[in-house]
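The values are calculated or read from the model by the stated rules, or taken from the named source; none is laboratory data. These numbers come from a predicted model, not from an experiment. Here the Cβ positions follow ideal geometry from the backbone for every residue, glycine too, while neighbour counts run over all protein chains shown.
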Amino acid sequence: MADGGFTSFWQSVSFSSSIQEKKIPSVRELPPICNDVRQKHRLSIDTLPPEVKAPFPSDPIIPLRTKTTREFQEDVERAVHSGDWREVREFYLTTFDSFIEINAAFKREANGLFNTIEDSGVNAKFVNAVYDSLLGTPQDIQKSVLKGIINSLLREWKGPRTKDDLRAYFVLIQNPQYSSTSTYVIFAHLLRQIAALSEADHHYLVHWLKRQNGSDLKVKVVSNETIDCFWFLRFSFCQFPFILSTVVKKAIIQKDSEQQMISQARLSLVSKVSRRQRVDMNLLFLNIKVRRAQLLNDSLDELMRKRCDLKKKLRVTFVGEAGLDMGGLTKEWFLLLVRQIFHTDYGMFSFMKDSRCHWFSSWKSDNYSEFQMVGTLMGLAVYNSIALDIHFPLYCYRKLLTPPTAPSDPNAFVGMATATLDDLQQVMPDLAHGLAELLSYEGNVEEDFYLTFQVFQEEMGVVKSYNLKPGGDKIPVTKQNRKEYVQLYIDFLLNKSIYKQFAAFYHGFHSVCASDALMLLRPEEVEMLVCGSPELDMSALQKAAQYEGYGKMDATVRCFWDVVLSFPLELQKKLLHFATGSDRVPVGGMADLNFKISKIDVPADWLPISHTCFNQICLPPYRTRKELKHKLTIAISNAEGFGLE
């Protein structure tokens, strides 16, 4: 009832306050009133009761707070050494008590406007210092902060938000306490209020967060454990992908993939049962059966024949090898297949030596199905959480997200991302440098360069010419039109000359990864999902390793890590491939591998054994470091095929 009364009062005073707004500068902006209504109230304003004619109260004045980042850090240091947290406790209690106090503490100028999307007006350094120190304070202080946040969220009235309200949300969403499961409900309330913002307010908040330097932004609020919680709560936090880490986005895509796999398997089962046919468990999987000697042809044939099963769980069998695929054979299949497809002899992709990346060959053909199959293969890798050793430039992944979901119209243009000189630099750095010099040339461009709007390209050993615009072979490049020439040339090289190849590749990828979750991703995050990370940190793997039969300090284990850490990079990659089936590091880092070292009771002249399905390596009890290094090097250098042990 109180809210209803307040609403009625607001509606009543809006007319009088709109008339008096020239006299009262502190009045809030109100929605425009149509002329006939405004005129009616002008005629009757003198008859209104005095309390309605009174000026509407102004926005609250933000109190002045003078504590600096350095002073706060000194307070915390004194509290840590003395054990007296009273001053720090009082600061946290006051700061998070309300939206006004949050602005008082963190706004660079207490009553400054800061009403642009370019500048939030928040002292980011101070916010970072306060949050960095928070998790190290006593529990009662941390609880008081959460209590203050709850009170702040409940206290704020439901109405148009001011920029100070948005600043408070901007600060609150960076709180690192939300990574704890005990704070999910509080975080949910915060996200609910943010999701309910008007489009204009949402625009401000999004831009403030986007403009925040990645190293400064303290949004660590969504962890892997929160994913199930938020899927359950069904909040629209995915409207704000900038608060999600790449690891979390990968978890969301995996969750979506799992749901699609389950749905496809269920449909297959129902179809069989409804026709009273015997159910074969193989129909629950995308079963790929290949011969090693005919790996590429068999794989492409299988993918073509089983296009309807692409969204089922992938399972690979190598003909003539007694192995059950629990994940390891799938990883090896991807690894071997990618090596063959991207080999220069195959001709689908060119390896650019200067940029050390692959790019699409521009040869023309009547059938681009092989490019579609490569896209399908890459989509399957993402769908099944397999990292591939491929080297596309970042621009390729931007094309792959243009648009992020495949259009329903099969004739719609895809992959036509706007290309710049920086994008060309990723693929053909020498040519990009030459075009940059053309743009900055001070002399006579037409006479010195003698270029036209016609370019030449070699295709399968034959040089062909192409006009960048109609009649381009007769249009000279001059100082006035050189920018147009450069832009058309870049667009030709990165888009038009390979359009059919990339369109087939795009549709192949999206035939598997047809998920709205891709809209959460930036190009560099797609690259990370496809390729994993090439950076091997064996020390991190050592810290995360688990043991079975051995202890962390056993002599064999200590010798193993001593040898591995001294290996050159190439042997470390071979070790990773031997143990996991892939030499790439997953998005979550080495800790996500769940790497295990197990003891196997066999003679010491045996080689180490691996179970790539479980990222496990089994070590016999070698007596010396030299013996372990010798046996391990032999094993990891000959680790192709099933049943090597």
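At a glance:
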| quantity | calculated |
| --- | --- |
| Matching residues, region 354-367, being modelled with pLDDT of 85 or more and closer than 24 Å to residue 307 by Cα | 360 |
| Residue selected from region 254-290 under the condition loosely packed, with under 13 Cβ neighbours inside 10 Å and within 27 Å of residue 322 (Cα to Cα), by the criterion modelled with the highest pLDDT | 289 |
| Among the candidates 583, 562, 554, residue that is surrounded by 15 or more Cβ atoms within 10 Å (Cβ to Cβ), more than 29 Å from residue 382 (Cα to Cα) and assigned by TED's automatic domain parsing to the domain that holds residue 615 | 554 |
| Residue under evaluation residue 229, criteria (1) at pLDDT below 60; (2) under 16 Å from the mean Cα position of the chain (by Cα); (3) surrounded by 14 or more Cβ atoms within 10 Å (Cβ to Cβ), criterion not met | (2) |
| Members of region 305-346 that are closer than 19 Å to residue 268 by Cβ and part of a helix (DSSP H, G or I) | 305, 307, 308, 309 |
| Residue satisfying condition, being over 30 Å from residue 249 (Cα atoms), assigned by TED's automatic domain parsing to the domain that holds residue 570, of a type in the set (A, V, I, L, M) and touching a Cys at 6+ places or on another chain (Cβ under 9 Å), within set 628, 632 | 628 |
| So residue 406, is it in contact with a Lys or Arg (Cβ under 9 Å, 6 or more places away or on another chain) and crowded, with 16+ Cβ neighbours inside 10 Å | no |
| Region 164-191, residues that are of a type outside the set (S, T, N, Q) and either at pLDDT below 75 or farther than 18 Å from residue 97 by Cα (or both) | 184, 185, 188, 191 |
